[in-house]
Amino acid sequence: MANIGRMNMLSQPRPSFKAQMHQAREDAIVQATSRLLGEKGFATMTVDEVAAAVGIAKASLYKHFAGKDDLCAAAMVHVVGRLQRFLDALSAELSPLQRLQALLHWLLQLQLGDETPLLPERNSALAQTLRACDVYHAAMQEVSARILSWITQAQSSGQLRRELPPDVILCALLARAADPMLALLRERGYEDDEILNWAMDTCLSGLVPGPAVPWA
């Protein structure tokens, strides 16, 4: 069977050099868009800036993407793909809660690094653009289903509050990817390590079992 697999791989035609260069340039465009989208936001980022960051002419960029909407949709798909690879790489020996902690840590680091957020602001122009991006939504559904399974496992074992619907915990975790608290604390002069620890603590402390807090 191994020989058959190798023969199948050998029988597949390798992409031409031109095709490889085309793909490499497209990857560079998506990565530059992802970085600029995180730094400047959808409203202020321009196609000219992306082309300049990659070192190509604007006309060359349009051979890959029709415009800003397509660019940013591809960048968001790229971010979800990175998350999928991160989740795939988590050790099977980690408990469901430890996996969720690792996820939260990754989301917070993404924001502190001024990279593209996993979720756009609900009523933003980027959110409007993504409504038509089936690839992004399919990838987010796969990620959400995986995270929800870890949440329900952690609830079953008593590691997370059972009275909270799993969707509430999922949204609480994902919302940290766009939490303004991190930027506010950085503006006040706190170090990133401190901010990361406090953001982790303030999020998880409300999700793990403990005495109820009377809010009313």
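The values are calculated or read from the model by the stated rules, or taken from the named source; none is laboratory data. Everything quoted here is computed from the prediction, not taken from an experiment. Note that each Cβ is placed from the backbone with ideal geometry, even for glycine, and that neighbours are counted across all protein chains shown.
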| query | If we keep just the residues of the stretch 34-72 that are of a type outside the set (D, E, K, R) and touching a His at 6+ places or on another chain (Cβ under 9 Å), which is surrounded by the fewest Cβ atoms within 10 Å (Cβ to Cβ)? | reply | His64
| note | Those residues of the stretch 1-33 which are buried (at least 16 other Cβ atoms within 10 Å of the Cβ) and either β-branched (Val, Ile, Thr) or at pLDDT below 85 (or both) amount to Ile29, Val30, Thr33
| query | Within the group Leu174, Leu182, which residue is at pLDDT 85 or above, touching a helix residue (DSSP H, G or I) at 6+ places or on another chain (Cβ under 8 Å) and closer than 21 Å to Arg161 by Cβ? | reply | Leu174
| remark: Gly189 vs (1) on the phi < 0 side of the Ramachandran plot; (2) loosely packed, with under 14 Cβ neighbours inside 10 Å; (3) at pLDDT 90 or above: all pass except (1)
| request: Output the helices (runs of 4 or more DSSP H) that fall wholly within the stretch 98-179 and possess 2 or more residues being acidic (Asp, Glu) and surrounded by fewer than 18 Cβ atoms within 10 Å (Cβ to Cβ), or say none. | output: 134-156
| field | Hits in the stretch 78-97 (condition: among the aliphatic types (A, V, I, L, M) and assigned to a helix (DSSP H, G or I)) | value | Val79, Val80, Leu83, Leu87, Ala89, Leu97
